[in-house]
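The values are calculated or read from the model by the stated rules, or taken from the named source; none is laboratory data. In this text the structure is predicted, and so the values were computed from the model without any measurement. Using ideal geometry, Cβ is built from the backbone for each residue, glycine included, and neighbour counts are taken over all protein chains shown.
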Amino acid sequence: MNSMAKLFLSPSGRIPRRPFIIAVAVFIVFVMAQKYLFVYMDNGLPKFFLQFGLFFLNLHIIMAVYGKRLHDLGRSFWPLIGLFALMAIVFLVLILNFGGIEYFDTVMANPEYAGNEEAMQKVLQTYQDKLAKGLPTANWIMAGLPALFTLWLALAPGQADKNRYG
C-alpha cells in the first residue's frame, strides 16, 4: 500500500511508462466511481463538501502522477501547468464561440434588458440553445487536449540516465 500511496500522492521522483499507464487507468476508474456516486447522492452540504474535497484530491493526484512522468522525461511540471492554462483558454474561447459573444453583446448593447426579466430570459434561452448545440464539439475538444497530453507521456521514452529529478 505504501507504493500505491507514493504513486498517487507524492509528486517527487520518477515513474516509467508502464506504471504511468496503470496509474492513469486507475485514476480514470476513480473519477468514474466519483461520478457514479454523485449521481445517487442528494444535493446538499455533504455532497458539496465531498465534491470540493475530491476536486483538490484529484488535482493533487494529477500533479503527482503526471509530474513524476514528466520528471522521468527530464522535464519540470511546466508542461502540465501549460496544459491547464491551454484548457482554460480553450474553455473561454468555446464559451464565447458558442453563443457567449452574442449574449454579452445583446445584454451590454441594450441596457433596457437590466430591468426586464422576460427579455433577459429570452436572451438567456437563446444563448443556452446555441451552447447546447456546440456542446458535443466542445466536449471532444476539452477531452482531446488531456488525452493527447497523456498519450504523449505514455509513448515518450524516459531518460535512461539520471537527471535532476532522480
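Points worth noting:
- Verdict on Tyr127 being outside the structural domain of Phe27 (by TED's automatic domain parsing), out of contact with any strand residue (DSSP E or B) (no Cβ under 7 Å at 6 or more places or on another chain), in a loop (DSSP other than H, G, I, E, B) and surrounded by 14 or more Cβ atoms within 10 Å (Cβ to Cβ): no
- Some residue of region 104-112 being out of contact with any Leu (no Cβ under 6 Å at 6 or more places or on another chain), within 30 Å of Gln34 (Cβ to Cβ) and not β-branched (Val, Ile, Thr): no
- Against the conditions (1) in a helix (DSSP H, G or I); (2) touching a Phe, Trp or Tyr at 6+ places or on another chain (Cβ under 9 Å); (3) crowded, with 17+ Cβ neighbours inside 10 Å, Leu94 satisfies every one except (2).
- Within region 80-116, tally of residues that are free of Cβ contacts under 8 Å to residues at least 24 places away in the same chain and more than 30 Å from Phe30 (Cβ to Cβ): 15
- Taken over region 59-79, the criterion of being free of Cβ contacts under 8 Å to residues at least 40 places away in the same chain, aliphatic (A, V, I, L, M) and surrounded by 15 or more Cβ atoms within 10 Å (Cβ to Cβ) is satisfied by Ile62 alone.
- Summed over region 41-93, the residues that are in the same structural domain as Ile141 (by TED's automatic domain parsing) and farther than 29 Å from Pro16 by Cα give a count of 5.
- Residues that are hydrophobic (A, V, I, L, M, F, W, C) and in contact with a Lys or Arg (Cβ under 7 Å, 6 or more places away or on another chain) are absent from region 54-70 altogether.
- Checking the stated criteria, Leu73 turns out not to satisfy the condition of being out of contact with any Pro (no Cβ under 7 Å at 6 or more places or on another chain), at pLDDT 95 or above and farther than 16 Å from Ala143 by Cα.
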